[in-house]
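Let me begin by presenting the structure, written as structure tokens, before commenting on it.
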Amino acid sequence: MEIQKEAMTNAMYCTAAMAANMLFCQMGQGHSRFAAGERPPEDSSFSTAAKLRKHGIEQNFVGSGIEQNDRNLKAKERAMRWSRVLMNTLENVPLGLITGWASLIATKGSRTQVLFFTLFAVSRWVHTVSFVYALQPWRAIGWLSGWIAIIGMLYSGIVANM
């Protein structure tokens, strides 16, 4: 039996959603690091860095020399938050995608597999947005439901091949 076309299409949409999620996280982290002065010195030539230099913010990896005021502390907190969002994404998305595609092959695209793969993609976006905007319990719900989806995909793939 061949993989169902709808399931393959769903897997491609889920993969595209996760690629967009990773790009969103990387761009958010990069942008937030400018404001905190945490970009490499060679990035000082970008227009964003030039605007920040007017406020005494130099790009030197660590943002040292930046006056410790509320605005700059918030910029550093935001940069740290984005770094952690990206790290969590890099820890969870690759495993979810591998599991999603493996279960697609193992189940030939069962409805259960499609449901769990979709749940995984939606859950990761919920987690990401919730992490960026400091929304609890939504961040925890997104993380947990993502893991439930991974376990569900693993289970459906194993059961389909017993």
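The values are calculated or read from the model by the stated rules, or taken from the named source; none is laboratory data. On a predicted model such as this, the values are computed, not experimentally measured, just so you know. Cβ placement follows ideal geometry from the backbone for every residue including glycine, while neighbour counts extend to all protein chains displayed. Remember, those area values only see protein heavy atoms, side chains included, never the ligands or the DNA or RNA. Shrake-Rupley method; radii C 1.70, N 1.55, O 1.52, S 1.80 Å.
Going by the structure shown, is Met80 out of contact with any Leu (no Cβ under 6 Å at 6 or more places or on another chain), open to solvent by 60 Å² or more (accessible area, probe 1.4 Å), at pLDDT 75 or above and assigned to a helix (DSSP H, G or I)? Yes; evaluated as a whole, the condition is true for this residue. Among the residues of segment 123-146, none is identified as in contact (Cβ under 8 Å) with a residue 40 or more places away in the chain, assigned to a helix (DSSP H, G or I) and surrounded by fewer than 16 Cβ atoms within 10 Å (Cβ to Cβ).
I need a count of the residues in segment 1-14 that are assigned to a helix (DSSP H, G or I) and buried (at least 17 other Cβ atoms within 10 Å of the Cβ). Even if it seems obvious, please write down each step before you answer.
So in segment 1-14, the residues assigned to a helix (DSSP H, G or I) come out as 5-14.
Imposing the further condition that a residue be buried (at least 17 other Cβ atoms within 10 Å of the Cβ) reduces the set to 7, 10-11, 14.
So the count comes out to 4.
State yes or no: is Gly109 part of a helix (DSSP H, G or I) and buried (at least 20 other Cβ atoms within 10 Å of the Cβ)? No: the conditions fail for Gly109. Looking at the structure I just gave you, is Ile105 under 15 Å from Thr15 (Cβ atoms), in contact with a helix residue (DSSP H, G or I) (Cβ under 6 Å, 6 or more places away or on another chain) and among the β-branched types (Val, Ile, Thr)? No.
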